[in-house]
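Taking it in order: structure first as structure tokens, then the write-up.
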Amino acid sequence: MSHTAVSADPLCLDHDAGPGHPERPDRMRVAIQALTDPDRSFVELQSWDANPDDLVLVHDPRYIDALAAFAGRSLRLDPDTRGGPRSWQAALRAAGNCIAATKTVLDGAARNAFVAVRPPGHHAEPQRGMGFCLLSNVAIAARWAQQHAGVDKIAIVDFDVHHGNGTQAAFWFDPSVLYVSSHQFPFYPGTGAVAETGGDAGEDATVNLPLSGGCGDDVYGALYGGVVDPIIRAFNPDLVLVSAGYDAHVNDPLATMQVTKAGFEAIAGHLRNVADDVCDGRIVFMLEGGYDLDGLRDGIDATLDVLTGRTSVPRVTAKLDALSLGPAARYAQDIVDRHARR
């Protein structure tokens, strides 16, 4: 069995957000080049289109109907979120390929997967799109896994530099889905404070780890190895899904973080380590942001090197309270303790 399944569907090139928009087709071209590297061996996923039954697992049917009405013509949801005549079809393919990758990993046809898609998804809320996003790709894949593959508990980890307000909204009240996000804060879209922890039965299943601008590889490595890892272990999921945004890169024009290829390698490595230990390696990375093309290439290459076993990242053995992350470590330890008592 080949280790890693990949998808980089050319149809996603057809999404057109307009001239000068940072979410441009060249991003997909970079991903296609990385995922067709002859030096790596992949399982190539068959393309899927999501259907209405898949979409309404997360989104309001009225929102889906409104988006579908734009098929064949341009759309504008807000000043940042636009599309062209083929954008609706690209969005269906993006969501469908995230489902396909999830199914492939759950079926055991591959151990893990990376899906390059556009438009991205983690800002799309159940009743509206925003932040370049039309459909909540990772949330749709998670709900599909629960509804159609018998998966109970899912951890969604989001390392995009912007908080995934849409993913958070989709699972706010749901204790069966852990949502962990690291992001620059305060920053777009304005959500993602530490105090946002979920509602009712879902309290503590949302974990926000806001970071100040300027954080680099050391902070991200310590955060993912020493904070995110034990939180996921305490939750003990059956599957890990990842919103993989590479806009924390030092050269990204839309943020002010200082992450390099080594930092993305550490993030991916720590996530793979915990998935290997708690859910037989079942982890799927789904592309979100990343708007400097060289930075995007670095991030995807680093992630693929980890998923295929070309590189590995040592497990962190330090206790949370021994890390130099101050309140973040103490907060994370509290979350770990609460999940351990469940």
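No lab work stands behind these numbers, since they all come straight from the coordinates. Note that the coordinates shown come from a computational prediction; the quantities given were computed from them, not determined experimentally. Neighbour counts are summed over all protein chains in view; Cβ atoms, including those assigned to glycine, are modelled from backbone coordinates with ideal geometry.
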Quiz item: Relative to the longest principal Cα axis of the chain, at what angle does helix 327-340 sit, 0 to 90 degrees, rounded to 10?
Solution: 90
Self-check item: Per-peptide average of other Cβ atoms within 10 Å, ordering 180-189, 44-53 highest first
Solution: 180-189, 44-53
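If you average the sequence gap of Cα pairs under 8 Å that are 6 or more apart and divide by the length of the chain, what percent do you get for the contact order? Could the numbers behind the result be given before it?
Working: 811 pairs, mean separation 58.2, N = 342.
17 percent.
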Quiz item: With charges only on Cβ, +1 for K and R and -1 for D and E, what is the dipole size of the chain about its Cα centre, in debye, rounded to 20?
Solution: 220
Exercise. Under 1.5 on a/c is rounded, so check that first for the stretch 119-193, then, if it is not, pick prolate when a/b is larger than b/c and oblate when it is not; a ≥ b ≥ c are the square roots of the alpha carbon gyration tensor eigenvalues.
Key: prolate
Practice problem: Place a +1 charge on the Cβ of each Lys and Arg in the stretch 1-91 and a -1 charge on the Cβ of each Asp and Glu, then give the dipole magnitude about the Cα centre in debye, rounded to the nearest 20. | Solution: 280
Self-check item: Full-extension gain in nm, residue 315 to residue 89, via 0.36 nm per residue minus C-alpha separation
Solution: 77.3 nm
Quiz prompt | Nearest 10 degrees, 0 to 90: helix 87-107 Cα axis against the chain principal axis | solution = 40
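Under the rule a/c < 1.5 gives rounded, and otherwise a/b versus b/c splits prolate from oblate, where does the chain land using the Cα gyration tensor?
Details: a/c = 1.34, a/b = 1.27, b/c = 1.06.
Because its axes are fairly even, with a/c under 1.5, the chain counts as rounded.
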Quiz item: Along each of its three principal axes, how wide is the spread of alpha-carbon positions in the stretch 168-220, in whole angstrom units, largest first?
Solution: 35, 21, 16
Practice problem: Rounded to the nearest 10 degrees, what's the angle between the helix 137-148 long axis and the longest principal axis of the chain, both from Cα atoms, 0 to 90? | Solution: 80
Quiz item: Just going by the charge dipole of the chain, with Lys and Arg at +1 and Asp and Glu at -1 on Cβ, which of 273, 46, 246 is farthest out on the positive end?
Solution: 46
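Suppose the chain between residue 294 and residue 66 were pulled fully straight at 0.36 nm per residue; how much longer would it get relative to their current alpha carbon spacing? Working shown, then result.
Details: separation 228, 0.36 × 228 = 82.08 nm, distance 3.57 nm.
Full-extension gain reported as 78.5 nm.
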